[in-house]
Amino acid sequence: MDTIQSKIEKYQNILTQYIEKLAEEKNNSLGNELSYQPIIDTKRLHFQLVELGWYKKRYIHAVLIHLDINPETGNIWVQKNDTEIPLDIELAEYDIPKKHLVLGFRPPYMHGLAGFAAA
């Protein structure tokens, strides 16, 4: 059985790779006028995808995805997902089971439903 620290290190590497890949894909998509930046804090275990730039005379600055890793459990908290990306399905492709994801943007009584982690 993996220790929590090895789980954290594994997930830290995966989330870094995943967020960087998303930013690169979005930046390389045709017709895209905005910029997408990965914001990665490996010390505090936060991983974000940020959208910014000018669109139709309006400045856009938005956190599209915010994930973090709980240092006590090693579970990944989905704090925000303002995309249509099914993170549980995509992260499963990286060997992260749904039972290790906590939907932080949902009320605590809903944590643990539908196969997600309770905390």
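Can you tell me which residue in the range 75-111 is surrounded by the most Cβ atoms within 10 Å (Cβ to Cβ), limited to those that are free of Cβ contacts under 8 Å to residues at least 12 places away in the same chain and aliphatic (A, V, I, L, M)?
ALA92
With respect to the numbered conditions (1) on the phi > 0 side of the Ramachandran plot; (2) at pLDDT 95 or above, which one is the sole condition not fulfilled by LYS56?
Looking at each condition in turn, LYS56 falls short on (2).
What are the pairs with Cβ atoms under 6 angstrom where one residue, in the range 22-46, is within 20 Å of LEU91 (Cα to Cα) and the other, located anywhere, is at pLDDT 95 or above and of a type in the set (Phe, Trp, Tyr)? Sequence gap at least six, or different chains.
ALA23/TYR36; LYS26/TYR36; ILE40/PHE47
The values are calculated or read from the model by the stated rules, or taken from the named source; none is laboratory data. Every value quoted in this text rests on a predicted model; they were computed, and no experiment measured them. Positions of Cβ are generated from backbone atoms using ideal geometry, with glycine treated the same way; all protein chains shown enter the neighbour counts.
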